[in-house]
Amino acid sequence: MSQVNNLTYLPKLRPGPWVEDPEINKYLNDVELWIKQVYDNLTGITELQSLTVANLTNIPATDFDPSTGRAATIYVSDETGGATLAFSDGTNWRRVQDRVIVS
């Protein structure tokens, strides 16, 4: 793995005057975040949010309606029968393996 893959090294590459200027420092922080997001997308590894069944009420499935181009997949840690992946169908959170509503 190269140093680019580990973004903790990037701040060390900043010249002293850059670190002292808050606007430049914010810009560089934003660039680092963008690079990390691009890298994460290119690696093919997606980090899912882990939720409990009780927490699902805080994230309405209707906020992620696939017909509008928004979709979401989550990890439900305490679903009936054990932990599982779930997705929004635009109305409910459903288990990936059998499309049953998460309970």
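The values are calculated or read from the model by the stated rules, or taken from the named source; none is laboratory data. As the structure is a prediction and not an experimental result, all values here were calculated from the model. Neighbour counts are summed over all protein chains in view; Cβ atoms, including those assigned to glycine, are modelled from backbone coordinates with ideal geometry.
Mind listing whichever residues of segment 71-82 are surrounded by 12 or more Cβ atoms within 10 Å (Cβ to Cβ) and in a loop (DSSP other than H, G, I, E, B)?
71, 72, 77, 78, 79, listed by residue number.
Under the condition of being among the hydroxyl-bearing types (Ser, Thr, Tyr) and either modelled with pLDDT of 70 or more or on the phi > 0 side of the Ramachandran plot (or both), the residues counted in segment 8-42 number 2. Every condition in (1) in contact with a strand residue (DSSP E or B) (Cβ under 7 Å, 6 or more places away or on another chain); (2) surrounded by 14 or more Cβ atoms within 10 Å (Cβ to Cβ) holds for residue 97 except the one numbered (2).
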